[in-house]
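Shown next, in structure tokens, is the structure this report addresses.
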Amino acid sequence: MRGSCLLNRRTELRFRQIAMLTMKSVKIKLLLCCCIALTVILLAGRASTFTVWSNRSLQRYSVTRKGYAISNFKDGQQVKLKFDINKEDSLNNRFKEIKDLETDAVFSIDDDVIFPCSSVEFAFNVWKSAPDTMVGFVPRVHWVDSSHGDNFRYGGWWSVWWMGTYSMVLSKAAFFHKKYFSLYTNEMQASIREYVTKNRNCEDIAMSFLVANATGAPAIWVKGKIFETGSTGISSLGGHNEKRTECVNRFVAEYGRMPLISTSVKAVDSRSIWFW
Ligand SMILES: *[C@@H]1O[C@H](CO)[C@@H](O)[C@H](O)[C@H]1NC(C)=O
């Protein structure tokens, strides 16, 4: 009895500390929101400048969308390219095992994102220091929704920004070990793969669950520039977060537990920050 009482008091204290910290960061964020709103109003006042700016960015996008480039040839080395053509139309295909893969690291990307080579190089270095973990540029978060009992909810960019916490990085831009291809295809519950195929969604959440279940550790979010050239993917359709929330709860049921682990660690290239 005494022990549990002590424990309770300790947890309560810790919760209070966390709550205080959270309040502080919420206040800072509210302040930031006000600043951003003010800036937007000022910008809107200078509508002419704004139009020029948006025209220019449109131009840049239409050029980049016409083609793609594979760069960074090193010492005249040729880049090996291999295309796998799949008969079956399933999102699970992106995690099929790749025969004769010579490297352990896989950089998984969507077809509509562009990175500076320096960002990829840095993420690769982070991955090398934690090769079992997923290391990526696009963080997402889950949390317990107390208004719906013990259900989990999925949160996008805004949720990560608001809470400063994430529990997955999406495979649209992430490094992971090639062993997870075979785990995904051969070891993971077939019901999860079927769900992904049927709903045309959440293969990336399934991969995050798989890696977290295997490592018992959180993913690593890396700071880096990434440019998305189009917003025509499934994530721009309505009701996206509701569907993703369904996936999270479904996968938790399949695993019998929530394997994802939250963290607020972000890897940053120390050469790019001059202020310590
Ligand atoms: C999840 O982890 C458990 C315990 O390590 C393991 O037995 C199980 O096979 C893992 N599940 C998957 C789908 O990899």
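Quick rundown of the values:
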| item | result |
| --- | --- |
| Gyration tensor (alpha-carbon) shape descriptor, the stretch 158-208, a/c threshold 1.5 | oblate |
| Among 209-221, 130-142, 102-114, 243-255, the order from most to least packed when residues are scored by Cβ within 10 Å on average | 130-142, 209-221, 243-255, 102-114 |
| Fraction of alpha-carbon pairs over 11 Å apart in the stretch 185-231 - percent | 75 percent |
| Cβ-derived FRET efficiency at R0 41 Å, Asn86 paired with Asp145, nearest 0.05 | 0.70 |
| Label zone at Glu254, where the point sits 7 Å out along the Cα-to-Cβ direction: the stretch 207-224 residues whose backbone N lies under 11 Å | 207-210 |
| Three-way shape call for the stretch 93-161 based on the alpha-carbon gyration tensor, with the a/c threshold at 1.5 | prolate |
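All of the numbers you see were taken from the coordinates with simple rules; none came from a lab. Predicted model, so just to flag it, every value in this text is computed and none were measured. FYI the Cβ positions are ideal-geometry reconstructions off the backbone, even for glycines, and counts take in every protein chain you see.
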